Amino acid sequence: MAIKQVLIVEDDAFLLNIIKSKLEAEGYGVLLAQDGLAALEAVRKTKPSLILLDLMLPKKSGFEFLEEVSK
């Protein structure tokens, strides 16, 4: 079975690292993005199984990210 990839989109480095550590300890592959633009790029390149998305982000908000991904 392939490792499930989770994209964490969070601009708070402390929260990002806590979530990353927990998911990796459970055997998930983790991708990171700290703003909406980086998240869009990551989704286009990797097609993660799950996205954990902060809504208040720099460069492109979580709401704007969702609009673009759902097109």
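Normalising the average separation of contacting C-alpha pairs (under 8 angstrom, six or more residues apart) by the number of residues puts the relative contact order of the chain at 38 percent. 3J(HN,Hα) along segment 58-71: x, 6, 8, 5, x, 5, 5, 4, 4, 4, 6, 5, 7, 6 Hz, from the Karplus curve 6.51 cos²θ - 1.76 cosθ + 1.60 with θ = phi - 60°, whole Hz, x for Gly and Pro. Considering helices alone, the calculated mean residue ellipticity of the chain at 222 nm is -13500 deg cm²/dmol, with DSSP H runs of length four and up weighted by -39500 (n - 2.57) and normalised per residue.
From the alpha carbon gyration tensor of the chain, can you work out the equivalent ellipsoid semi-axes (sqrt of 5 times each eigenvalue) and give them in Å, largest to smallest? Walk me through the numbers on the way to the answer.
Numbers: eigenvalues 78, 46, 12 Å².
Semi-axes from the Cα gyration tensor: 20, 15, 8 Å.
Counting Lys +1, Arg +1, Asp -1, Glu -1, what net charge surrounds D54 among other residues with beta carbon under 10 Å of its beta carbon?
Values: positive: none; negative: E10, D11, D12, D35.
After counting each charged neighbour, the total is -4.
Here the accessible area is traced with a 1.4 Å probe on the protein chains. For segment 14-71, carbon and sulfur cover 58 percent of it.
The values are calculated or read from the model by the stated rules, or taken from the named source; none is laboratory data. Owing to the predicted nature of the structure, the values given are computational and were not obtained by experimental measurement. Neighbour counts are summed over all protein chains in view; Cβ atoms, including those assigned to glycine, are modelled from backbone coordinates with ideal geometry. In case anyone asks, the SASA skips ligands and DNA or RNA and just uses the protein heavy atoms, side chains included. Shrake-Rupley method; radii C 1.70, N 1.55, O 1.52, S 1.80 Å.
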